[in-house]
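Each remark here refers to the structure printed beneath this line.
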Amino acid sequence: MIVILRQNPNPDQLESFIAWLKEKGVAVHTSVGESNTILGLVGDTSRLDIDLIAALDIVQDVKRVQEPYKNANRKFHPEDTVIPVGGTQIGGGTLTIMAGPCSVESEEQVVGIAKAVKASGATMLRGGAFKPRTSPYAFQGLGERGLEYLKTARAETGLPIVTELMDVTQLPLFKDVDVIQIGARNMQNFDLLKAVGHQEKPVMIKRGMSATYEEWLMSAEYVMAGGNENVILCERGIRTFETFTRNTLDLSCIPVLRYLTHLPVVVDPSHATGKYWLVEPMALGAVAAGADGVLIEVHNDPEHALCDGPQSLKPQVFDTVAKKLLTLHGVMQSVNGGAEV
Ligand code: PEP
Ligand code: MN
C-alpha cells in the first residue's frame, strides 16, 4: 500500500500514524521528496482500512498495490484448489456438470431427473429446497422435505447434492448435503458467509448481480478466513442495460479469476440467460474458456415447472448438451497440452 502525505505534515501526527501502522504489523518505508512524502507499507496490508487512512488529515491519497484478499489470492497459493466431493472432485482439470431442477417439486420429480442427468454424464445433482424468489407469492420451495427428497435422489444415483442455504438458522439441516450454495442475493450476507466458513462442507458462492470480481473474492475470503478453504465461485450473469437475456453472462471472469485466484470456477448459463436455447452455446463457451464446471437447470416438464421453466432443458436436450460439453472438454485438454479425459 502506498500513502501519499499532504505537504508539510504535522510531525506529531505523522509519528503517531507511523507507530499505529507498525502496531498493525506492517513495515513502513518513508521517502521524502521535494514536495511530498510517500510511505510505502509492506507486509500484510489486508487488515488495514483504506478508507480510514484516506480520511486522515495528513493523508492526500492512498493506493493499494496488493489485493485486499489473502486466502483466495493466487499469489499466496499458486496451485489450483481441488475440492473432493463425494467420490468426485471439483477443479484440477475435471469438468463438473451440476444439473437438476431449479426447485425440488416432489420426490418422484427429483429422483427421475437425477437418474436422467446421471445417465447423461452429470457429476452432481443441483436442486433448490429453499428458494429465494423475487415475489413472496411465488413457490418458495419444499424446505426440509425438499432436502429429504434430494437425499433420496442421491441414494438412488450416487450423485452428490448441491443446494442453496438461505439463512443461518437452516444450517443444521445442511449437515448431510455435499456442497452448500450461497445464492447471488446472499453473496454479501456476511453473517451467512461467516457461518459457512465455520463448518466443513464445500461452499459455492454465486456472483452477486452487480458484484465486482474483488467484491466476489472478498466474499470467498469471508468463508476462508473462518477456516473453510473449500470455496467454489459460480458466475451466473450480471445486471446490465440489456433486457433480452435475464442477465449478461460474463465469460471473461473465467480467465480473470484464473489469474486472480486458485479457486475453481463454475458457470451457470441457465440463470445467466434465462432462455433454454441459449444454455448450450453459453455452456460450450464456458468450457472453451476454461471453466471447471457448469450448472444447468433441467426439468422433466419445463412448461409446468414451479420455477424457472423457460431456462430449463428437457432431459433429452440436456443429454445432447452434456455429451457436447464432455467432448469439448476433452478437446480443450489436448489443445492446452493436458491429459485427455
Ligand atoms: C439458483 O441457483 O437457483 C438461483 C436462485 O440462482 P441465483 O442465486 O444465481 O439467482
Ligand atoms: Mn433457478
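The values are calculated or read from the model by the stated rules, or taken from the named source; none is laboratory data. Owing to the predicted nature of the structure, the values given are computational and were not obtained by experimental measurement. Glycine also receives a Cβ, built like all others from the backbone with ideal geometry; neighbour counts cover every protein chain displayed. When the accessible area is computed, the model is the full protein with side chains, heavy atoms only, and any ligands, DNA or RNA have been set aside. Shrake-Rupley method; radii C 1.70, N 1.55, O 1.52, S 1.80 Å.
Using only side-chain charges placed at the Cβ, +1 for Lys and Arg and -1 for Asp and Glu, the dipole size of the chain relative to its Cα centre rounds to 400 debye. Only the Cβ atoms of Lys and Arg (+1) and of Asp and Glu (-1) were treated as charged; on that basis the dipole of the stretch 175-220 about its Cα centre amounts to roughly 120 debye. Can you give me the angle between helix 107-120 and the longest principal axis of the chain, using Cα atoms only, in degrees from 0 to 90, rounded to the nearest 10? On a 0 to 90 degree scale, this one is about 80. The simple spin-label model puts a point 7 Å past each Cα toward its Cβ; for residue 34 and residue 169 those points are separated by 6.6 nm.
Take the Cβ atoms of residue 303 and residue 115, set R0 to 25 Å, and the FRET efficiency comes out at 0.75. By DSSP, the beta bridges lying fully in the stretch 83-335 are antiparallel in about 15 percent of cases. Put a dot 7 Å past the Cα of residue 148, heading toward its Cβ, do the same for residue 82, and the two dots end up 3.8 nm apart. Among 53, 111, 210, pick out the residue whose Cα is farthest towards the positive end of the charge dipole of the chain, where Lys and Arg carry +1 and Asp and Glu carry -1 on C-beta, about the Cα centre. Farthest along the dipole direction, towards plus: 111.
Here each label is just a point 7 Å from Cα along the line to Cβ, and for residue 22 and residue 60 those points are 2.5 nm apart. Pairs exceeding a 30 Å alpha-carbon distance, out of 75/151; 118/206; 118/275: 75/151. Seen against the Cα atoms of the chain and their longest principal axis, helix 276-288 is set at about 50 degrees. Ordering 304, 271 by accessible surface, largest first, gives 304, 271; the 1.4 Å probe counts only protein heavy atoms, with every chain in place. Going toward the positive end of the dipole of the stretch 83-335, with +1 on Lys and Arg Cβ and -1 on Asp and Glu Cβ, which of 279, 184, 195 do you reach last? Result: 279, furthest along the dipole toward the positive end.
A DSSP coil position with no more than 14 other Cβ atoms inside 10 Å describes the following GluC sites (Glu not before Pro) in the stretch 62-117: 79. Cysteines in the chain that lack a partner Cβ within the 4.7 Å cut-off: 234, 253. Translational diffusion of the chain, estimated by Stokes-Einstein from the Kirkwood radius over alpha carbon pairs at 4 °C in a medium of 1.567 mPa s, is 60 µm² per second. Remark: the chain carries 45 Å² of accessible area per residue (probe radius 1.4 Å; ligands, DNA and RNA excluded).
Around residue 302, with a cut-off of 14 angstrom between Cβ atoms, what is the net charge of the other residues, counting Lys and Arg +1 and Asp and Glu -1?
The answer is -3.
Summary of packing: across the peptides 87-99, 116-128, 10-22, the per-residue average of other C-beta atoms within 10 Å ranks them, highest first, as 116-128, 87-99, 10-22.
Computed from the Cβ-Cβ distance with R0 of 25 Å, the FRET efficiency linking residue 241 to residue 288 stands at 0.45. The calculated FRET efficiency for the pair residue 15 and residue 188, based on their C-beta separation and a Förster distance of 51 Å, comes to about 0.85. Sorting the segments 62-70, 160-168 by their mean number of nearby beta carbons within 10 angstrom, highest to lowest, gives 160-168, 62-70. Compared with the dominant Cα axis of the chain, that is its longest principal axis, helix 315-335 is turned about 50°. For the stretch 192-322, the share of accessible area belonging to carbon and sulfur comes to 58 percent (1.4 Å probe, ligands and nucleic acids excluded).
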